[in-house]
Every structure is written in structure tokens, then in C-alpha cells.
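Have a look at the structure below before the remarks.
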Protein chains: 2
Amino acid sequence: MTPQDTPVALGSDHAGVALKATLRAALEEAGHPTFDMGTNGPESVDYPDFADAVANSLLDGTARFGVLVCGTGIGISIAANRHAGIRCALVHDATTARLSREHNDANVLALGARVIGPEVALDALRAFLNTPFGGGRHERRVRKLTPEWSLR
Amino acid sequence: MTPQDTPVALGSDHAGVALKATLRAALEEAGHPTFDMGTNGPESVDYPDFADAVANSLLDGTARFGVLVCGTGIGISIAANRHAGIRCALVHDATTARLSREHNDANVLALGARVIGPEVALDALRAFLNTPFGGGRHERRVRKLTPEWSLR
């Protein structure tokens with residue numbers, strides 16, 4: 001993971017606290033500035049609140065990339081993708097993480113803490129941060145992910 | 001898969017044509033009415049166009065559930081989730097398909113044809129169609145997936 005100046009924002013619900021801590025430690029170890037928008041305890045919380053917090057930190061320029069974790073990654077990725085400027089990729093391994101950058105110019109990575117283990121998640125995070133967008137034919141498709149009617 | 005009166009709408013890009021045909025055949029075999037919104041040829045197309053078509057068929061009441069396929073499922077699920085009334089779950093197996101219904105009341109299933117094989121996809125589709133929403137604490141979270149600002 002090549003360090004970047006602009007921080008990576010992290011968020012999770014209660015199911016993702018431990019995996020989020022593992023990912024945050026790896027980012028810091030690699031020299032990435034991070035900020036953790038919670039949750040950080042075992043109390044049951046609502047995943048959309050943390051998806052919205054991370055999404056807004058990208059949309060206001062505070063963060064460059066986001067990382068979201070819930071039990072399956074499904075709910076938190078749906079919530080993030082309600083924001084027209086967010087392209088949140090739910091991935092299950094390094095291969096899909098790489099393709100989400102190459103093809104979809106994803107700016108948020110979503111992971112399911114009850115579905116994949118920490119080593120797989122770390123490989124996915126590294127692939128996500130180290131892969132550039134492929135451009136070309138993918139540009140037109142990515143533009144269509146932010147249609148005029150979806151602009152907030 | 002218990003047959004339903006209201007159809008299942010299917011859509012894919014060129015990478016998903018073969019898997020979509022497999023899923024459609026299984027649905028029809030089980031007595032589900034379906035309609036296939038394309039694409040059905042090898043020509044390169046843009047996945048958001050097919051996500052929008054399937055999303056709109058649910059939003060106008062023509063279809064009850066949707067099934068979307070692209071190479072990874074990532075792009076087509078992001079596009080579907082731009083629509084506030086759609087909860088599109090990108091899944092990789094029957095477990096995540098089941099949880100997407102129980103926890104997220106997902107109404108569209110997204111699959112990656114270059115990531116999972118047809119037998120895994122068929123099991124995911126069966127789990128998706130046969131699992132009811134769990135309600136309870138999940139209700140409040142699902143409501144937060146359609147915030148007022150996202151209403152189209």
C-alpha cells in the first residue's frame with residue numbers, strides 16, 4: 001500500500017468493529033493517514049449511519065477513499081451507493097477489489113466481516129489501494145453511474 | 001423456488017448473458033414468470049442501462065424481484081442502488097443471498113459471472129427467492145436505506 005496524503009475514512013457497524021480495527025492498523029502501518037468514524041463498541045447500531053458518515057467525508061474532500069464493514073457488507077454498501085458521488089464496491093477477495101478499481105473507479109471498499117476473514121480482507125484492501133482506474137471504455141459506464149436524476 | 005405470480009425481471013451486460021440464460025431457464029422450470037430485459041448478444045454494452053431497466057420494472061410494479069449479472073456484479077449493483085426504491089444485494093453464494101433477504105429486504109440480486117460459477121449462482125437465486133425478510137431490528141435500518149434526500 002503506497003502512502004497517500006489524503007486520508008482513508010473507515011466506518012462499520014457493531015459486526016465490523018474488529019475487522020475495521022485490523023484494517024486501520026494495517027493502513028497506519030503502511031503510512032496512510034486514516035480517520036475512524038466508528039462505531040467502536042459492541043452496542044447494536046444502524047449500518048446506514050456509518051455509511052453516510054464515510055460517504056460525506058469523501059464528498060466534502062476530507063477523505064480520498066473509504067472502507068466500510070458490516071456483517072455481510074451488503075447493507076452498508078447499499079447505503080453508501082445512495083450518494084451519487086460514491087461508487088462503493090462490495091468485494092470478497094483481492095480479485096474483485098482490483099477489478100472494482102480498474103473497471104468501476106470505486107472510491108469506497110465494502111467488506112463483510114462475517115463472510116471473509118482478516119487476511120483476505122487485508123489483501124482486498126491492498127489491491128484496492130494499489131490499482132488505478134483503467135479508463136477507456138469504462139469511463140462512459142462510470143459516468144452513467146451518476147445520472148443527472150441521481151445528483152443530490 | 002416457490003412460483004410467484006409477479007414476474008422476476010432479469011438483466012445483464014455482455015459478460016452476463018450466459019449466466020442470465022441459465023438463471024432464466026431455472027426460474028421458468030420452477031414456474032416463475034420472467035421477463036428478460038437483455039442484453040442477449042455478445043456486443044459490448046453498458047451495464048448501467050440494464051440495471052436501470054430492471055430497477056424501473058420493479059419501481060413501476062411490473063416485476064417483484066430483479067436479477068442482474070455483469071462480470072463482477074459490482075458496477076451493475078452500484079447502478080441499481082442509485083434508485084431509492086431498490087435494494088440490490090451483490091452476493092457470492094447462497095449464504096449472503098439468504099442474509100440479503102433476512103437483513104436487508106433486498107429486492108434485486110446481483111451476481112458476478114466472472115467470479116462465481118453457475119451452480120453457486122443457482123443456489124444463491126434459490127436462497128434469495130425462498131427467504132423472507134426478518135423484520136424486527138432490521139426494519140429501522142432498511143428504512144434508513146431510503147432517506148428522504150434520496151427519493152427520486
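The values are calculated or read from the model by the stated rules, or taken from the named source; none is laboratory data. Everything numeric in this text was worked out from a predicted model, so none of it was measured. Quick reminder, even Gly has a Cβ in these numbers, built from the backbone with ideal geometry, and neighbours come from all protein chains shown.
Some values worked out for this structure:
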read-out: Test set (1) farther than 18 Å from A:Gly73 by Cα; (2) part of a helix (DSSP H, G or I); (3) in contact with an Asp or Glu (Cβ under 7 Å, 6 or more places away or on another chain) - B:Val54 fails condition number; value: (3)
read-out: B:Ala121 vs. criteria in contact with a Phe, Trp or Tyr (Cβ under 7 Å, 6 or more places away or on another chain), part of a helix (DSSP H, G or I), at pLDDT 95 or above and closer than 24 Å to A:Asn104 by Cα; value: no
read-out: Members of the stretch A:108-152 that are closer than 26 Å to B:His83 by Cβ, more than 8 Å from chain B (Cβ to nearest Cβ) and exposed (fewer than 13 other Cβ atoms within 10 Å of the Cβ); value: A:Glu139, A:Arg143, A:Glu148, A:Leu151
read-out: Which numbered condition A:Leu19 misses (of (1) touching a residue at least 40 places away in the same chain (Cβ under 8 Å); (2) among the hydrophobic types (A, V, I, L, M, F, W, C); (3) surrounded by fewer than 16 Cβ atoms within 10 Å (Cβ to Cβ)); value: (3)
read-out: Restricting the stretch B:85-108 to residues that are over 9 Å from the mean Cα position of the chain (by Cα) and polar (S, T, N, Q), the residue that is farthest from A:Ile74 (Cα to Cα); value: B:Thr95
read-out: Selection within the stretch A:58-78 - touching a residue at least 40 places away in the same chain (Cβ under 8 Å) and within 12 Å of the chain's Cα centre (by Cα); value: A:Leu58, A:Ala63, A:Arg64, A:Phe65, A:Gly66, A:Val67, A:Leu68, A:Val69, A:Cys70, A:Gly73, A:Ile76
read-out: Of residues in the stretch B:22-37 being touching a residue at least 12 places away in the same chain (Cβ under 8 Å) and over 14 Å from the mean Cα position of the chain (by Cα), the one surrounded by the fewest Cβ atoms within 10 Å (Cβ to Cβ); value: B:Gly31
read-out: Residue that is surrounded by the fewest Cβ atoms within 10 Å (Cβ to Cβ) [pool: residues in the stretch B:48-70 that are within 27 Å of A:Glu139 (Cβ to Cβ) and charged (D, E, K, R)]; value: B:Asp49
read-out: Search result, residues across the stretch A:1-13 that are over 13 Å from the mean Cα position of the chain (by Cα) and closer than 19 Å to A:Leu122 by Cα; value: A:Met1, A:Thr2, A:Pro3, A:Gln4, A:Asp13
read-out: Cβ-Cβ under 8 Å pairs, at least 6 apart or on other chains, the stretch B:79-100 side on the phi < 0 side of the Ramachandran plot and part of a helix (DSSP H, G or I), far side hydroxyl-bearing (Ser, Thr, Tyr) and surrounded by 24 or more Cβ atoms within 10 Å (Cβ to Cβ); value: B:Ala79/B:Tyr47; B:Thr96/A:Thr72; B:Leu99/A:Thr72; B:Ser100/A:Thr72
